[in-house]
Amino acid sequence: MARTKLVLIGAGSTVFTQRLVADIILAGEADKWELALVDIAPLTLDAVMKLVGKMLEAKGADIPVTATTDRRDVLPGADFVTTTIAVGGRPGWQQDIEIPRRHGIYQPVGDTAMPGGISRAMRMIPPMLDIARDIAELCPDAYFFNYSNPMTAICRAIRKETGVPVIGLCHGVLHIEHQIARFLGAPEGSVTSFGHGLNHLTFLTRLRLNGADAIPLIHAKLHAQEKQLEDRLSAKTRWENIVPEGETPRWWDDPFSWGLFREYSVFPCAMDRHAVEFYPERFPGGAFHGHMLGRDAFPIDERIALGDTWYDEMVAIANSPDPLPRTYYENVPGESEQLLQIMQSLMSDRREVFSVNMPNGGMAPALPAHAVIECNAAALAGGMVPLRADPLPEDLNAKLNAKVSAIELTVDAAVSGSRDGMIAALIADGTVQDEAKAAVLAEELLAAHAEHLPQFAA
């Protein structure tokens, strides 16, 4: 039987490749797959190739693996293509945090919305369009999945400029289901959800615990915590990016998200560190309950540095003369965006439902049909089919529509290399209201990333 060919572009990602390979091996499907690893950094690619080889050897698995710095060498014959690239890497991400800070703008993530997300889109979209065009030419029937951020802007740009039917995948919804299960004191996997929105601001309209409506249970839990809320918030000196495993999440750990749920009975995915970036008007100057976003409230510098630590650990294991540690597979969790399950459902017409990013197409009537939304979709033979969305309160629709407009301006600016377009996107995003300030900020970001922005060089 012919093997299914999977091409991983950006295979040097610190966690994605090893987690996906672990999934394939542990699922007993090594004999069904062929892998092609692509990364533009030769040393990183070499390390990943060595690590994958060790993973296969440790389990006695037989998967043909090739590695190349040129994706065009391996795209012909591909059945699936994934992208996990990050133009500018972690140093570029750090610049997207530090430059806005000099203008009094504090971001807890800076990869999706606000100036950091817009800046990232400027350097991410053109290379992603090049990849999409290569896929259209060399493997037009392949399924194309993107993991890179800013997810919505990238997927919208690819659909708009090339017509290639890319699907965006993110672990956010599954992560929130796990967090809500912990909040309720329930086992992982016991909470399921349904909803729609934009990546990193998806409104979950249905939450179920073992099939039963969990919304009344959540309200009851919040009611029990409400009397402590102000005192707990006043006492907090730090908000972790994720509530550590072993601790029960509380209202005061993500007060904005739980507060929105209390008001609307709809939960914003993916918790405060992402959700607040879509509401900059509520947190002027980054103020967050007496603290500062991105500093002691969801510290982003530590998160960026953690990526360097993960990378160093990966390279050390790959280049070590020793075999994999005996506990390696226990410490590498599965690929949390469910890619293997999605591919299986597409190939076998299982019609399983997943959270994906794709064009609305009328499934959420309050949003533009062309908008790329995060929604529930069934994976059928032939592609993903979105499910009809639940209605949202009008002010939540208004927020989503405003962000859709800002994303459209962002896409157009990134494609055309328009400085005025980038300024318009910064203003539409809502963080910067003064045109002169937006112009200065845009110029500083463009100058910092000039080597990755040839479209702005003219």
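Please treat every number below as a calculation from the coordinates, not as lab data. The model shown is predicted, which means the values in this text are computed figures rather than measured ones. Here Cβ is always computed from backbone atoms with ideal geometry, including for glycine, and neighbour counts include all displayed protein chains.
Please work out, to two decimal places, the log10 of the ratio I(q)/I(0) at q = 0.23 Å⁻¹ from a Debye calculation in which every Cα of the range 394-452 carries one identical scatterer.
Debye intensities relative to I(0), on a log10 scale: -0.90.
For a quick check: sort H196, H274, H291 by the number of other beta carbons within 10 angstrom, fewest at the front.
Listing H196, H274, H291 from fewest to most nearby Cβ atoms yields H291, H274, H196.
Shape of the chain from its Cα gyration tensor (a ≥ b ≥ c, root eigenvalues): rounded if a/c is under 1.5, otherwise prolate when a/b > b/c, or oblate?
Verdict is rounded for the chain.
Not counting the cut sites, what is the longest span of the chain without trypsin sites (Lys or Arg not before Pro) that DSSP labels loop and that have at most 12 other Cβ atoms within 10 Å?
Looking at the chain, 103-237 is the longest stretch - no exposed trypsin sites (Lys or Arg not before Pro) with at most 12 other Cβ atoms within 10 Å.
Under the Karplus relation 6.51 cos²θ - 1.76 cosθ + 1.60, θ = phi - 60°, what is the ordered set of whole-Hz ³J(HN,Hα) values for the range 266-273, x standing for Gly and Pro?
For the range 266-273, the Karplus-derived couplings read 10, 9, x, 9, 10, 6, 4, 4 Hz, x marking Gly and Pro.
Evaluate the distance, in nm, between pseudo-label points positioned 7 Å from the Cα of M347 and of H291 along their respective Cα→Cβ axes.
The modelled label-to-label distance comes out at 4.5 nm.
With Cβ to Cβ distances under 10 Å as the rule, what net charge do the other residues near M1 carry (K, R +1; D, E -1)?
Around M1, the charge tally is +1.
Give, as a single signed number, the net charge of other residues whose beta carbon lies under 14 Å from the beta carbon of P165, with Lys and Arg counted +1 and Asp and Glu -1.
+2
Distance in nm between label sites at A450 and D134, each 7 Å beyond Cα in the beta-carbon direction?
2.7 nm
On a full-extension model of 0.36 nm per residue, what is the gain between A398 and R282, subtracting their alpha-carbon distance, rounded to one decimal in nm?
Gain on extension, A398 to R282, equals 40.2 nm.
If you stretched the chain out fully between A212 and D141, how much longer would it get, using 0.36 nm times the residue separation minus the C-alpha to C-alpha distance?
21.6 nm
Can you tell me which lysines have their Cα less than 28 Å from the Cα of K54? Leave out same-chain residues fewer than eight positions away.
Counting by Cα, and skipping residues close in sequence, K54 has these lysines nearby: K5, K32.
Return the loop-located GluC sites (Glu not before Pro) in the range 183-283 (DSSP other than H, G, I, E, B) with at most 13 other Cβ atoms within 10 Å of their own Cβ; answer none if there are none.
Here the GluC sites (Glu not before Pro) that fit, given the DSSP loop and packing criteria, are E188, E240, E245, E247.
If the chain between D420 and L229 were fully stretched, how many nm would it gain, using 0.36 nm times the residue separation less the Cα-Cα distance?
Length gained, D420 through L229: 64.4 nm.
So, in nm, how far is label D70 from label A366 when the simple model puts each one 7 Å beyond its Cα toward the Cβ?
In this crude label model, D70 to A366 measures out at 5.1 nm.
Counting Lys and Arg as +1 and Asp and Glu as -1, what is the net charge of the other residues whose Cβ lies under 13 Å from the Cβ of A450? Write down the numbers at each step before the final one.
Working: positive: R123, R419; negative: E443, E444, E451.
With Lys, Arg at +1 and Asp, Glu at -1, the neighbours total -1.
If R₀ is 25 angstrom, what is the calculated FRET efficiency for the pair L380 and K160, using the beta carbon separation as r and rounding to 0.05?
Taking R0 as 25 Å, the efficiency between L380 and K160 is 0.55.
Rounded to the nearest 0.05, what FRET efficiency do W310 and S190 have when you use their Cβ-Cβ distance and R0 = 22 Å?
On the way: r = 29 Å, r/R0 = 1.32.
Rounded to the nearest 0.05, the efficiency is 0.15.
Cut-off under 23 Å on the C-alpha distance; same-chain residues fewer than 8 positions from K399 excluded. Which lysines are left, in chain and number order?
Filter leaves K160.
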